[in-house]
Amino acid sequence: MRLLRILRWILLILLILVLLVGGGGYLWLRGALPQTAGTITVNGISGPVEVLRDTDDVPHIRANSEADALFGLGYVHAQDRLWQMEFQRRIGNGRLSEILGDATLQTDKFLRTLGVARAARSAWASTDPATQALVNAYVAGINAFISTHHGRELPVEFTILGFAPEPWQPEDVLVWAKMMAWDLGGNWSSELLREQLIAKLGADKTAQLMPPYPADGPIILPQSATASTTKDEGRRTKAAARSIPSFVVRPSSPANDTYDQLLAINTFIQTNLGLSGKAIGSNNWVIGGGRTTTGKPILANDPHLGAQIPSIWYLAHVTGGKLDVIGATIPGLPAVLIGHNKRIAWGVTNTGPDVQDLYIEHVNDRNQAEFKGAWEPMHVAQEAIKVKGQPDTTIQVRRTRHGPLISDVLKDAKEPLAFRWTALDDNDTTIAAYLKINAALEWFDFSQALELYKAPMQNFVFADFKNNIGYYAPGALPIRAKGDGTLPVPGWTGEYEWTSYVPFKELPHAYNPEEGFIVSANNKAVSDSYPHFISSDWAAPYRAERIVELIKSKPKLSIDDVAAMQADVQSAQAREILPYLLHAKANGEREQAAITMLRGWDGTISADSAAATVFEAWYQQIPPHVFADELGDELWNSYRGDKDFIATALRNTLQGTGAWCDNAHTPVVEDCATTLGAALTAGLAQMSQAQGSGDITAWRWDHVHRAIFPHEPFDKVAALKPIFSRSIPNGGDGFTVNVAPVEQDDLYNQSHVPSYRQIIDLKDWGNSRFMHTVGQSGHILSGYYSNLLERWQRVEYMPMRFDKDALNAAARNRLVLKPK
């Protein structure tokens with residue numbers, strides 16, 4: 001690839017430089033490490049800002065005002081993570097090709113066409129002045145650092161790629177916020193996949209491959225109809241949701257090629273840019289004081305996102321004006337997204353709503369789109385994309401009333417597809433919501449802040465020191481005149497329009513529920529009595545089922561009990577399907593020994609377990625043996641990426657008729673015992689090769705299962721990968737609470753992880769704890785670049801030092817930003 005050639009050439013130059021200057025090269029590279037002690041004079045603050053870093057390199061930022069505190073957060077984000085922030089904003093703005101060449105040109109074309117940056121500019125223009133002032137203060141902190149650091153004082157990635165960062169703009173903040181919404185809300189690819197499956201297999205078989213949430217699965221809010229929704233409104237909305245579009249693309253249609261190409265672009269973005277959070281989900285739960293040993297609530301959260309280095313998260317404590325808040329921040333965003341302040345705590349998981357729709361448009365050569373029998377002008381704009389080492393590339397971006405024509409990014413697309421997404425709306429107050437959450441003092445403040453929240457729709461759990469717990473699923477949730485968003489629909493008829501958004505008070509919520517706890521793990525949020533359509537793509541129920549089981553296993557739980565829950569690697573899915581697997585036909589002595597080993601196994605996917613390794617070897621081969629023959633190679637490669645659909649489809653197959661077990665390519669009719677036996681044979685053979693031994697009793701899961709933390713973009717260069725990227729052996733799988741899913745394209749490695757863990761004790765803030773994946777620093781020569789990795793793997797924690805005495809006692813360095 002051209003990108004690899006460019007990076008290898010730059011690396012050679014860099015290595016020559018280091019060799020020429022000898023030990024001075026090491027010192028030269030260390031020039032990028034941040035100043036963490038002393039005094040720095042800066043423009044943009046009204047008073048001094050203290051940055052006290054504790055022994056874990058967590059900055060505790062103290063200022064007299066909220067604006068100055070956020071300035072300090074922007075400054076330390078830039079000190080430690082400037083390269084990460086630069087790469088992120090270039091993704092969102094569609095500007096990677098400026099620094100990486102034509103290897104990322106298709107990605108830039110897609111993201112420019114999608115229009116995340118345009119939406120960010122529109123949202124910023126409509127942002128209220130108070131929020132703008134705080135965002136501007138944060139951006140000023142970033143720019144104060146950039147303006148005074150050049151050359152070797154910048155992260156080494158800038159030197160290798162040969163450019164310097166431009167000043168930040170407030171729109172850059174909103175750009176990455178919207179890309180996180182993209183990461184967590186991408187159901188559009190499910191629409192394309194479902195359409196292709198219907199075209200090949202028919203609607204009935206597709207419904208079996210993409211089945212609804214199990215009727216016996218745990219629901220976040222079992223009693224979920226909101227009292228504020230009238231019966232008539234509920235009937236109208238549910239009737240619309242049941243009206244599924246009949247428009248189906250047939251196998252002979254050229255649209256299949258369009259869909260294939262769009263799915264390929266989506267896969268590239270997920271694989272190469274780490275934007276596939278929806279593929280794995282998250283856990284959070286809150287337990288009321290009546291069920292805890294402290295008599296006060298305990299709140300836990302571990303969001304699951306793509307593994308990367310530097311970490312997605314940056315831990316910080318921000319104090320100033322109304323703010324005194326600690327937890328997980330994202331470099332590039334001016335707020336604590338998950339954590340606690342002086343009075344409340346909160347955590348989030350992805351709701352997984354259907355907030356993206358594809359509209360098939362009728363367009364003409366005059367750049368008009370048909371709507372209800374009339375031709376409407378499309379909005380047409382030119383986008384110039386700079387490409388390193390090449391002339392600029394100009395693309396034409398066309399938008400209908402439904403959104404950008406994402407099919408325009410393809411050559412010779414035969415079917416125009418417009419993309420409707422809540423995050424592309426002109427108005428977006430999500431940043432304002434988070435800033436208000438940080439300062440909220442009770443449920444009323446908290447819910448008022450959430451009313452401003454737009455995207456991505458999340459499951460927020462809440463607790464306060466007065467012993468209250470709660471839940472809200474805020475966000476823009478469309479009400480459709482017809483259809484349920486599961487398939488691309490005609491845009492020219494006007495039948496499938498979004499008529500409005502669900503009113504905030506009618507979104508799922510609960511306050512002090514009778515159960516005394518609330519659990520969300522991307523499972524179904526509401527029962528069928530809820531009047532509005534949210535999603536048809538809920539995660540499989542197994543993580544939620546296990547969390548509920550563990551909460552109910554004791555009359556009262558302690559902080560350490562909750563920590564053990566976050567470390568739990570017993571798979572409810574393995575326990576459920578194992579009885580069916582044990583009836584498989586054993587094709588040899590090793591297969592019989594494997595089945596014997598699994599009898600009585602409790603489903604714990606521990607790192608050192610031979611039984612777990614046998615199960616995982618077997619399970620990875622079962623879905624392709626059961627489903628792939630009907631789908632064919634291309635469709636199977638698209639389908640296999642959704643482990644939740646596969647798990648539920650397999651559950652139904654093993655518990656039902658087993659019709660999918662027959663191999664469509666053979667003249668005989670295979671039953672499930674035969675097909676499962678073939679999968680076992682294949683799995684044991686694959687694992688023997690991976691383990692380097694055919695002795696199944698000597699196998700360990702962590703011999704082959706590693707959590708992989710790639711650096712972007714240098715993980716793609718063999719000579720740079722060991723310098724910048726990291727990995728570590730791990731236990732668990734895709735259905736354990738301590739989640740560790742296997743990668744189909746890289747057996748048996750893990751590229752999605754619990755990216756952050758927190759446990760908050762509402763009885764004693766000082767007893768709270770948190771942890772993220774690799775380290776606080778983004779500088780490879782820093783001692784804090786990957787120092788947390790082993791502790792993360794062992795599910796250990798750092799203290800959330802909140803009390804002044806505690807953090808002063810643990811102070812390592814003290815930096816003061818002084819106004820000029």
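For the chain, list the DSSP H helices whose alpha carbon atoms reach 30 Å or more along the long axis and whose average Kyte-Doolittle value is 1.6 or above? Kindly include the intermediate steps, with their values, before the conclusion.
Numbers: long enough: none.
Span-like helices here: none at all.
Among VAL548, TYR580, TYR619, which residue has its Cα positioned farthest towards the positive end of the charge dipole of segment 524-666, with +1 placed on the Cβ of Lys and Arg, -1 on the Cβ of Asp and Glu, and the dipole taken about the Cα centre?
Working it through, the farthest residue towards the positive pole turns out to be VAL548.
If you average 1/r over all unlike Cα pairs in segment 526-638 and invert the result, what Kirkwood radius do you get in angstrom?
After inverting the mean inverse Cα-Cα distance, the result is 17.2 Å.
Using a 1.4 Å probe on the protein chains only, how many percent of the accessible area of segment 624-783 belongs to carbon and sulfur? Walk me through the numbers on the way to the answer.
On the way: 2740 of 5540 Å².
Exposed carbon and sulfur together represent 50 percent of the surface.
Within segment 735-779, which residues have the backbone N less than 14 Å from the label spot 7 Å out from SER553 along Cα→beta-carbon, could you tell me?
736-738
What fraction of the Cα pairs in segment 634-777, stated in percent, has a spacing above 21 angstrom?
Beyond 21 Å sits 63 percent of the P(r) for segment 634-777.
Name the aspartates and glutamates eligible as straight-distance cross-link partners of LYS818: C-alpha to C-alpha under 14 Å, and not fewer than 8 places from it in the same chain.
GLU50, ASP68
Based on the Cβ-Cβ distance of LEU582 and ASP745, what FRET efficiency does E = 1/(1 + (r/R0)^6) give at R0 = 25 Å, to the nearest 0.05?
For R0 = 25 Å, the calculated efficiency reads 0.30.
So what does ARG801 come to for accessible area, using a 1.4 Å probe and Å² rounded to 10?
40
Would you mind calculating the gained length between ASP426 and ALA593 on full extension (0.36 nm times residue separation, minus the Cα-Cα distance), in nm to one decimal?
Details: separation 167, 0.36 × 167 = 60.12 nm, distance 6.15 nm.
Residue separation times 0.36 nm, minus the Cα-Cα distance, leaves 54.0 nm.
When the accessible area of segment 308-406 is computed with all protein chains present and a 1.4 Å probe, what percentage of it is carbon and sulfur? Kindly include the intermediate steps, with their values, before the conclusion.
Details: 1560 of 3240 Å².
The computed percentage sits at 48.
Run the quick spin-label model on SER46 and ALA481: label points 7 Å from Cα toward the beta carbon, then report their separation in nm to one decimal.
5.0
Provide the net charge surrounding ALA215, with neighbours chosen by a C-beta distance below 11 Å and charges set as Lys +1, Arg +1, Asp -1, Glu -1.
Numbers: positive: LYS524; negative: ASP216, ASP528.
Once all neighbours under 11 Å are counted, the net charge is -1.
Run the accessible area of segment 528-588 with a 1.4 Å probe and give the carbon-and-sulfur part as a rounded percent.
54
What does the accessible area per residue of the chain come to in Å², with a 1.4 Å probe and no ligands, DNA or RNA counted? Each step should come with its number before you reach the end.
Values: 29340 Å² over 820 residues.
Accessible area per residue, the chain: 36 Å².
Arranged from highest to lowest average of other beta-carbon atoms within 10 Å per residue, in what order do the peptides 660-669, 292-301 appear?
292-301, 660-669
Sorted by packing (mean other beta-carbon atoms within 10 Å per residue), highest first, where do 59-70, 437-448, 735-746 land?
59-70, 735-746, 437-448
When all protein chains stay in place, what accessible area (Å², nearest 10, 1.4 Å probe) is found for TYR784?
50
Return the ratio Rg/(2.2 N^0.38 Å) for the chain, where Rg is computed over Cα atoms only.
Normalised by 2.2 N^0.38 Å, the Cα Rg of the chain equals 0.93.
Ranked highest first by the average count of other Cβ atoms within 10 Å around their residues, in what order do 619-625, 338-344 fall?
By packing density, highest mean first, the sequence is 338-344, 619-625.
Report, in listed order, any pair from LYS205/LYS482; LYS342/LYS820; LYS436/LYS466; LYS466/LYS554; LYS436/LYS763; LYS482/LYS524 with a Cα-Cα distance greater than 25 Å.
Those over the limit are LYS342/LYS820.
With every protein chain in place, what's the accessible area of HIS532 (1.4 Å probe, Å², nearest 10)?
Surface accessible to solvent at HIS532 totals approximately 20 Å².
Between ARG121 and LYS342, take the C-beta separation as r, use R0 = 41 Å, and let me know the FRET efficiency to the nearest 0.05.
0.70
Among all the lysines, which ones have a C-alpha under 17 Å from LYS386's C-alpha, if same-chain residues fewer than 8 places away are not counted?
Straight-distance partners of LYS386: LYS109.
The values are calculated or read from the model by the stated rules, or taken from the named source; none is laboratory data. Please read all numbers here as calculations on a predicted model, not as lab measurements. Neighbour counts run over all protein chains shown; Cβ positions are idealised from the backbone, glycine included. These area figures cover heavy atoms from the full protein model, side chains too; ligands, DNA and RNA do not enter into them. Shrake-Rupley method; radii C 1.70, N 1.55, O 1.52, S 1.80 Å.
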